[in-house]
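Below: one structure, written as structure tokens.
We did not get these values from a lab; they are worked out from the coordinates using the rules stated. Note that the structure is a prediction, hence the values are computed from the model and not measured. Cβ coordinates were reconstructed from backbone atoms using ideal geometry, including for glycine residues, and neighbour counts include every protein chain displayed.
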Amino acid sequence: MAKRGTFEGRESLEAWTRSRLETYAREYGTALTRYFDRRGAPPEVSQDLVQEVFARLAGLTRKGTIQNGEAYLMRTASNVWIDYLRRKQRADGRIHLEYDDDAHSPAGLSPENVLESRQSLERVIRALEGLPARTRQIYLLCRVDGQRRRAVAKQFRISISAVDKHLMAATKIIGLAVKDGV
């Protein structure tokens, strides 16, 4: 069996076989499903995307070597995700929704709802301002600016788990502020 992180140690792409793909599917299938789930794919779509990753790997025809199998697998998963988002975006542009009085009514814009939304936003802002400076910066970089935790950890010279702890603390405080109406 291949050591973790390689596909049979620098083996030719031609050497992929059904049994090897099945082995990799068992070894990495759950990680790939989590990868797609974390990016917001519905569960049934995640399973389809995992299958697409392995279908692409099974269809490799060019000659070459795979130096780092795990990285190659994740790069393929990233490409599958990007392709999925592009297909979805094209499909969403073609969808025409019929007018529905309930869904399109101005009731959602009532003065009470607008006031409630503004108050909720103000609570979030106050909660953010009440956070320790570093926690607030990390939360805004990850959740608002969309930076990866690894990049934020490197920027602050802390571990990824420390970034996670800051994010959890901020999320808890903001969640309580919104929930309790503080």
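Each residue of region 119-128 was assigned a 3J(HN,Hα) from its phi angle through the Karplus expression (A = 6.51, B = -1.76, C = 1.60, θ = phi - 60°), giving 5, 5, 4, 4, 5, 5, 4, 5, 5, 4 Hz with x at Gly and Pro.
Please give me the summed charge of the neighbours of E122: other residues whose Cβ is under 14 Å from its Cβ, Lys and Arg +1, Asp and Glu -1.
Details: positive: R118, R123, R126; negative: E116, E129, D180.
Charge balance near E122 sits at 0.
Taking a ≥ b ≥ c as the square roots of the eigenvalues of the Cα gyration tensor, an a/c ratio of 1.5 or more together with a/b larger than b/c marks region 111-180 as prolate.
Ordered by the number of other Cβ atoms lying within 10 Å of each residue's own Cβ, fewest first, S120, S161, S46 fall into the sequence S161, S120, S46.
As a length-normalised measure over Cα pairs under 8 Å and 6 or more apart, the relative contact order of region 111-180 settles at 39 percent. Each label was represented as a point 7 Å from its Cα along the Cα-to-Cβ direction; for T30 and V45 these points are 2.5 nm apart.
With neighbour counts taken as other beta-carbon atoms within 10 Å, the residues D180, D37 rank, fewest first, as D180, D37.
The ranking of I173, I125 from fewest to most other beta carbons within 10 Å of each one's beta carbon is I125, I173.
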